[in-house]
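Enquirer: Before we start, here is the structure in question, set down as structure tokens.
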Amino acid sequence: MAKPIVVFEYDYIPISSKYINIFKKINKVYSKTSNEEDAVFKIYGNQVKVKQFVGVIKVGNQTIQILPKLLSEKNHTVDQNNSEIIKNLLFMLKYTSKLDLKETDLVNLKKCEDIFEVIIYLFAKNLLELLKFDLVKNYELKKENLSCIKGKIQFTKHIKSNLINKSKFYCEFDEFTSDNLLNQLFKSTICKLIKITKSNENYKLLVNCNIILSDISFKHLKEKDLKKIKFTRFNQCYKPSYNLAKLLLFGNSVELSSADINTTSLLFDMNKLFEEFITKFITKKFPEYKIKAQSQLHLFENPRSFLLKPDILLINKNNSKIIIDTKYKLLQKEENNNHNNVYSGDIYQMIAYSTRFFESEKSDFKKLILLYPENKEKIIDKRYIQNNLIIRIETVNLHQDLMKKANILKQELKEIIESSINQDTFK
């Protein structure tokens, strides 16, 4: 088995040129448009450069793990212990509901070196605990040719099927069975993961699950089939396992093939993840504020054009507004640079927001925050002020233990928000 390749965002992947077509296919699958900026990878001839996506890709027997740079406080080398980075990433994915995980699962993780194997482990471990307790049983609609009448006769099918054999009856009936769609989903997912996993522990967990599901039919399911699965109070405990199975079998987990090369990928856009994590965190931790995520207005109304959509519109009890826009970018101090490498486009975007979202604001000040992940060098509080417009540049620490130190992150954000709210002068 080839040693896993570990890279960080915006690094080049040291991979054989024979896999280039696989990366091109992944780009097509994940990209919503034909624009190269939406792609997962930047491809230069026979070289592949990672963009802002993180996760894992399995190409044949080779595993490539892409980790987020800005969740690390070190120098982003493959020699460092990546466990803390992966735990923070998993916590953010859980917090934004991209992964249906329990917080206790993350707390109890002993080692965390491979994102994909960790997700498989959590899926298999939790599912096995449920299956040992009881198999899910549901009423399933069956249509079969029987020797006795059960349910109701389907006369059209009955006539076609039993024109000669008068002893049979083609019936439609409900059967209370464990061989239902939910268990078939688990079976299909387990069979796929047994072939993929490189962990002995995961393999044993998956095999044990498969033994319990030995009487369940194996079916090649399509994602649309899962719409038929209904959850009630009797099977609600299986919902997290269902969500992970769906993700691993379909969803973000993409299966491709090129000649004899099988590929599986599980990738997440860090731009979106950072935005959604901060939004969810503020919404949950600061109930005293009214939060509007992704509010929309157009810069021009006649004709209506140039959609404006800030990440967070925060309103306090006095109806004062603050716009917070997250930017998953690296800010660094440099000599002779008086704006901390803040992108001019980000500032222009905030100015555009200020022209439309504060039209009914009674306050004399338009307050906006550009929020970036903190780098090794903490950016000193920076404000850009023009007339009644105040744009603050702020950072948050994502390379601390986000789960154990959630209160520290809360305090950071509280100070950022309150300092902006209370800033009613240019001092």
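Enquirer: Find out how many positive minus negative residues lie around K239, taking Lys and Arg as positive, Asp and Glu as negative, among other residues whose Cβ is under 13 Å from that of K239.
Expert: Here the charged neighbours net out to +3.
Enquirer: Taking K and R as +1 and D and E as -1, what net charge do the other residues with C-beta under 15 Å from the C-beta of L101 add up to?
Expert: In short, +3.
Enquirer: Say the cut-off is 22 Å between C-alpha atoms; which of K111/K219; K69/K94; K228/K280; K110/K204; K111/K405 go over it?
Expert: K111/K219; K228/K280
Enquirer: Give me the percent relative contact order of the range 286-421, please, defined on Cα pairs under 8 angstrom at least 6 residues apart.
Expert: 19
Enquirer: Say each of N61 and Y343 gets a label point 7 Å from the Cα, pointing the same way as Cα to Cβ; how far apart are those two points in nm?
Expert: 4.1
Enquirer: Using a Förster distance of 51 angstrom, determine the FRET efficiency expected from the C-beta separation of C237 and L389, and round it to 0.05.
Expert: 0.50
Enquirer: Let me ask something additional. Mind putting together the pair-distance distribution for the range 138-177? All Cα pairs, 10 Å bins, whole percent per bin, short to long.
Expert: Each 10 Å bin holds this share of Cα pairs: 34, 50, 15, 1.
Enquirer: To continue, here is another question. Over the range 104-223, what is the relative contact order in whole percent, taking alpha-carbon pairs under 8 Å and six or more residues apart?
Expert: Reported as a whole number, the value is 29 percent.
Enquirer: For K150 paired with L307, estimate the spin-label separation in nm (one decimal), with each label point 7 Å from Cα along the Cα-to-Cβ line.
Expert: Distance between the two pseudo-spin positions: 5.2 nm.
Enquirer: Please compute the modelled spin-label separation between K290 and L330, points set 7 Å along Cα→Cβ, answer in nm with one decimal.
Expert: Spacing of the two 7 Å Cα→Cβ label points: 4.1 nm.
Enquirer: Do any of K239/K414; K51/K284; K230/K290; K195/K246 go past 24 Å between their Cα atoms, and which?
Expert: K239/K414; K51/K284; K230/K290, as the Cα separations exceed 24 Å there.
Enquirer: Could you pull the Cα extents of the range 286-421 along its three principal axes, largest to smallest, in whole Å?
Expert: 46, 40, 25
Enquirer: How would you classify the range 114-194 from its alpha-carbon gyration tensor, with a ≥ b ≥ c the square roots of the eigenvalues: rounded for a/c under 1.5, else prolate if a/b is greater than b/c, otherwise oblate?
Expert: It is prolate, given that a/c is not under 1.5 and a/b is the larger ratio.
Enquirer: Same structure, new question: What's the local net charge at Q47, with K and R +1, D and E -1, over the other residues with C-beta under 14 Å away?
Expert: For residues surrounding Q47, the net value is +4.
Enquirer: Can you show me the helix-derived [θ] at 222 nm for the chain, built from DSSP H runs with n ≥ 4 at -39,500 (n - 2.57) apiece and divided by the number of residues, rounded to the nearest 500. List each step's numbers first, then the result.
Expert: On the way: 11 runs with 141 residues, N = 427.
For the chain, the value works out to -10500 deg cm²/dmol.
FYI, it's all coordinate maths here, none of it is from the lab. The structure presented is a predicted model; accordingly, all values stated were derived computationally and were not measured. Cβ coordinates were reconstructed from backbone atoms using ideal geometry, including for glycine residues, and neighbour counts include every protein chain displayed.
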